[in-house]
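All remarks here apply to the structure that follows.
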Amino acid sequence: MQQGDSKPAPAAELVQVYGHRRTCIAAPSQWEGRAGEHGSICIRYRWGTLRARLTLTDDTGSTSETCIYEEDIGSKTGDRLGGYMTTDEMQKILAGLCRFHGECDEEDWIE
């Protein structure tokens, strides 16, 4: 390309999630895991809203937190106070943002 030509914007990279586990079954439903090599992710479904937050650590040890997803799902489903969601439902909703590697550790929550 010649100078001044614009490049297409790079596609957003999927957050690579490893070692994810369910840390709370309901009110809120919550999952945590590693995000890439230098971060963590916390996903929570509470009061009908699903949120996913990334915490990244840079080379100096400084951390930054970013909300990568927040949606009021309860208004769409009619359960505005919703606090329970299955892992499969959560992964389907976040499929365009996250790639989940391996099975979710849910053994403490299986009856």
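Structure values in brief
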| item | result |
| --- | --- |
| Single match in Thr86, Thr23, Thr57, Thr49 (criterion: modelled with pLDDT under 90 and at negative phi) | Thr57 |
| Search result, residues across the range 92-111 that are modelled with pLDDT of 85 or more, loosely packed, with under 11 Cβ neighbours inside 10 Å and either among the hydrophobic types (A, V, I, L, M, F, W, C) or in a loop (DSSP other than H, G, I, E, B) (or both) | Gly96, Gly102, Glu103 |
| The listed residue being hydroxyl-bearing (Ser, Thr, Tyr) and more than 15 Å from Gln30 (Cα to Cα), out of Thr66, Thr87 | Thr66 |
| The range 34-49 residues that are acidic (Asp, Glu), paired with ones that are in a strand (DSSP E or B) (beta carbon under 9 Å, 6 or more apart) | Glu37/Gln16 |
| Within the range 72-85, considering residues that are touching a residue at least 40 places away in the same chain (Cβ under 8 Å) and of a type outside the set (A, V, I, L, M, F, W, C), the one surrounded by the most Cβ atoms within 10 Å (Cβ to Cβ) | Gly83 |
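The values are calculated or read from the model by the stated rules, or taken from the named source; none is laboratory data. Every value quoted in this text rests on a predicted model; they were computed, and no experiment measured them. Heads up, the Cβs are rebuilt from the backbone with ideal geometry, glycines too, and the neighbour counts pull from every protein chain shown.
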